[in-house]
There are 2 protein chains.
Amino acid sequence: MAILSPRGEDFPRWYQDVLAKAELADNGPVRGTMVIRPYGYAIWERMQADVDARIKATGAVNAYFPLFIPESYLRREAQHVEGFSPELAVVTHGGGKELEEPVVVRPTSETVIGEYMAKWTQSYRDLPLLLNQWANVVRWELRPRLFLRTSEFLWQEGHTAHVDQADAAAYARRIHLEVYREFMTSVLALPVLVGRKTAKERFAGAINTLTLEAMMGDGKALQMATSHELGQNFARAFDIDFLGADGQRHLAWTTSWGSSTRMIGGLIMAHGDDNGLRIPPRLAPVQVIVLPVRDDAALLERVSQITEGLRAAGVRVQLDARPGLSFGRRVTDAELKGIPVRVEIGPRDLAAGSVTLARRDTSEKITIPLDDVLARVPALLDDVQQNMYDAALAARDARTRDVSDLAEAVEAASVGFARLPWAAVGDGGEAKLAEESLTVRCIQRPDGTLPDSGDEPDLVCIVARAY
Amino acid sequence: MAILSPRGEDFPRWYQDVLAKAELADNGPVRGTMVIRPYGYAIWERMQADVDARIKATGAVNAYFPLFIPESYLRREAQHVEGFSPELAVVTHGGGKELEEPVVVRPTSETVIGEYMAKWTQSYRDLPLLLNQWANVVRWELRPRLFLRTSEFLWQEGHTAHVDQADAAAYARRIHLEVYREFMTSVLALPVLVGRKTAKERFAGAINTLTLEAMMGDGKALQMATSHELGQNFARAFDIDFLGADGQRHLAWTTSWGSSTRMIGGLIMAHGDDNGLRIPPRLAPVQVIVLPVRDDAALLERVSQITEGLRAAGVRVQLDARPGLSFGRRVTDAELKGIPVRVEIGPRDLAAGSVTLARRDTSEKITIPLDDVLARVPALLDDVQQNMYDAALAARDARTRDVSDLAEAVEAASVGFARLPWAAVGDGGEAKLAEESLTVRCIQRPDGTLPDSGDEPDLVCIVARAY
Ligand SMILES: [Zn+2]
Ligand SMILES: [Zn+2]
């Protein structure tokens, strides 16, 4: 029974099917907006809690800045208006009348946060000022795609000010590697490429943009998070200056960095398969689902015990004994939702004192003694987590080709990632790639690590189609 | 040194001073909007985490609905448009051009949530449908007051659908008592009055509104949270119907309930004093602050050990050894921020093997052996929590008068709460109170419990000025 369009035949349609059947999200009533359904939101809450704890561990604090920004703020930073202008939602009426100055719904909070950073930064003792915000932002989208590109989305945006360039650079790098990369590799089970953006792909106003790029199931790249060094450009536009230890006034050095509900899109597209979503156990809102094969009193009592036992052991577990839904339907549903492990048990199992553990990642099933469930499940979850990472890495490696010139890169990037010497792209190379709808996703060292500067010799770059 | 305007002389100005000096919030650049500063936001995060866990314990799940609502949705529910219309912020431009249909920035999500509840409710098996959302909402304010009335604020709004009235009523009551009242009494240390709103004060469209009312430091009432039974009115407007077990279609019975950043305003105004904020320990982002009297190496080493010891014991502790700030300034700052307990230690204490514990609630100081800190602090925090509740209750009782007619109620309510028989208000009584800027805050049983209906005999009501 084909619940979903096959992933290999029509990837975009498969993606839409997963969103609907796994009850992750729906279109909102205003074009381009999104309803995040409870299961999708539970995934976001777990992403948020994990990323938030990592951000706080770097010393940053959360705050909340207003949704509405005076239009004049966006004019202040000319470069930016050009970047966002067609994407702005503008409020012209409030309090029952036309506003004297229209206000813009934040496409990012950087201008308003810049204003307050300037106010709060007086002396070098106030630095570093490390702020983060979780909020909704709006960028009008004409071709929306749920979780990937919607007019409204949820994100965190960090904005920091530092006494010098070295401190700003070190902090942007720390957020990038210790927060984002660690979260993506160890929780999302996604092997992400780390690197610098080219000058062309850099964030407007940044002197350096760090990116994390993941490969999706169709071989395309998705930018999962970015960290920017803004040099003194942003501080100059917003007068973020301070009295130094030397008694002189100095402009601060700032950074910004963000991650969003787009990560949910990446999770689906990187790990999903023809049966639906696959969620790595460390992220999964429900790690284990317990499924009695039949509606039978003795069986229900036993599965309740198993469920409670697993819950007491710290496993995020749910019992699905919904009446009126066949065992097959419940299995299909658990698969669609990507629940990492199913505990399946029928009357015959009960009689034999055994139970079946089914893994979502490999579809493998093992029968074990009923009494071993509590002892076996945690290790099995660890194994699923590791295997999902390994499988994603193997899939990416299989679709990544080392090439030596642009022509080869164009060919390889039609089905996956092309890696080539950054020097081989040369002047005008990015323009040629753009003609083929390809971009340089990132520049990195040959060993895959983050270069300290774009001028290091022997740098390589990754070329791909991208979302 | 008077840091704040005296609370007894000019309460509104004292409130503004606390917001500024304790670094809780600031005005946003667009009139009526608010910047929640890191310390204020840390308080909100703790409120949110606690309330969220309690909401989830009742079986509700979180979701996220769009910020933008088609203008037509608000017209659908006529009663509501009248209620909100002058408060709406309207987006007329998006994507660089004028929109065909203007969209409204949500003043509440009830219309859009209603739309999806209708979609998701097919059979009685889908009920109860228990949804909650944490989000920002916008209601244009011409006379803003930070945390109490701002054009944008943060809140949670719950919306649920049930098969019958009894189930809806029981759930609204459960949220009201087990979530809101429990949180306010046991975490916020606020004695809240529980009751029903009068028909006049009821939420538009509700058949019953439950409220929690707290007394502020100036004797006025603040509505801290409400839960509404919406009968079938809302389900009728949004076609939330279902196929019953009897094979017939029925309209659902719905509820809604909310709490917001307004609770921070209530916290400040109920517990604050002339030295600033006072935060109950169970809520406090920082429960204990460790203050070395001087900048001295041996002392700093010892205070670091104490800090780490308390942290390991699960206390939310911070060390304030900021150079360049006198001990007095750091004490004043800790008082402004309402940190429940200070651990103060100087070189002489160190020599004597002693340390001073200072309580924020009573200003009491005790000197104890240094080695007893870990053993004494947790119990002291419990004591502060209980004492803050007791003190707030005593203050409320001292300003509450039992009266028997409207004239006496008007007099008593000029300085506090008046309690009188609901029957004594009579027809037209509320209109007379309104002339004196007074309202019936709630109707309750003589023993302070929640009545099952507004028709019970011997009900009493509370009359007061209110925010
Ligand atoms: Zn910028
Ligand atoms: Zn309504």
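The values are calculated or read from the model by the stated rules, or taken from the named source; none is laboratory data. These numbers were taken from a predicted model, which means no experiment stands behind them. Glycine also receives a Cβ, built like all others from the backbone with ideal geometry; neighbour counts cover every protein chain displayed.
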Fill in: Among (1) in a helix (DSSP H, G or I); (2) more than 9 Å from every other protein chain (Cβ to nearest Cβ); (3) not aliphatic (A, V, I, L, M) - the single one A:S85 does not satisfy
(2)
Fill in: Which listed residue is among the polar types (S, T, N, Q) and facing chain B (nearest Cβ under 10 Å), from A:T121, A:T160, A:T150, A:T108
A:T150
Discussion item. Residues to consider are B:A225, B:A221, B:A237; find the one that is among the aliphatic types (A, V, I, L, M), more than 14 Å from chain A (Cβ to nearest Cβ) and within 16 Å of ligand 2 (Cβ to nearest atom).
Written reply: B:A237
Worksheet item: Of the conditions (1) surrounded by fewer than 16 Cβ atoms within 10 Å (Cβ to Cβ); (2) touching a strand residue (DSSP E or B) at 6+ places or on another chain (Cβ under 7 Å), B:G416 fails just one. Which one is it?
Response: (1)
Practice prompt. Considering only the range B:145-193, state which residues are in a strand (DSSP E or B) and out of contact with any strand residue (DSSP E or B) (no Cβ under 8 Å at 6 or more places or on another chain).
Written response: B:R145, B:R149
Worksheet entry | the range B:118-140: number of residues that are within 16 Å of ligand 2 (Cβ to nearest atom) and either in a strand (DSSP E or B) or under 27 Å from A:R149 (Cβ atoms) (or both) | 3
Discussion item. Scan the range B:427-441 and tell me whether some residue there is in contact with a Leu (Cβ under 9 Å, 6 or more places away or on another chain), among the aliphatic types (A, V, I, L, M) and under 15 Å from B:L212 (Cα atoms).
Written reply: yes
Worksheet item: Restricting to the range B:324-334, what's the tally of residues that are touching an Asp or Glu at 6+ places or on another chain (Cβ under 9 Å) and at pLDDT 95 or above?
Response: 5
Worksheet, complete the sentence: Just one listed residue, out of B:A434, B:A352, B:A395, B:A358, is surrounded by 14 or more Cβ atoms within 10 Å (Cβ to Cβ), out of contact with any helix residue (DSSP H, G or I) (no Cβ under 6 Å at 6 or more places or on another chain) and farther than 30 Å from B:E178 by Cβ, and it is B:A358
Practice prompt. Find the residue count for the range A:27-59, including only residues that are in a helix (DSSP H, G or I), free of Cβ contacts under 8 Å to residues at least 40 places away in the same chain and facing chain B (nearest Cβ under 7 Å).
Written response: 2
Worksheet item: Pick from A:G266, A:G309, A:G272, A:G258: which is in contact (Cβ under 8 Å) with a residue 24 or more places away in the chain, farther than 30 Å from A:A206 by Cα and touching a Phe, Trp or Tyr at 6+ places or on another chain (Cβ under 9 Å)?
Response: A:G272
Discussion item. Suppose the filter is touching a residue at least 40 places away in the same chain (Cβ under 8 Å), away from ligand 2 (no atom under 16 Å from the Cβ) and either under 19 Å from B:S186 (Cα atoms) or of a type outside the set (A, V, I, L, M) (or both); does B:I289 pass it?
Written reply: no
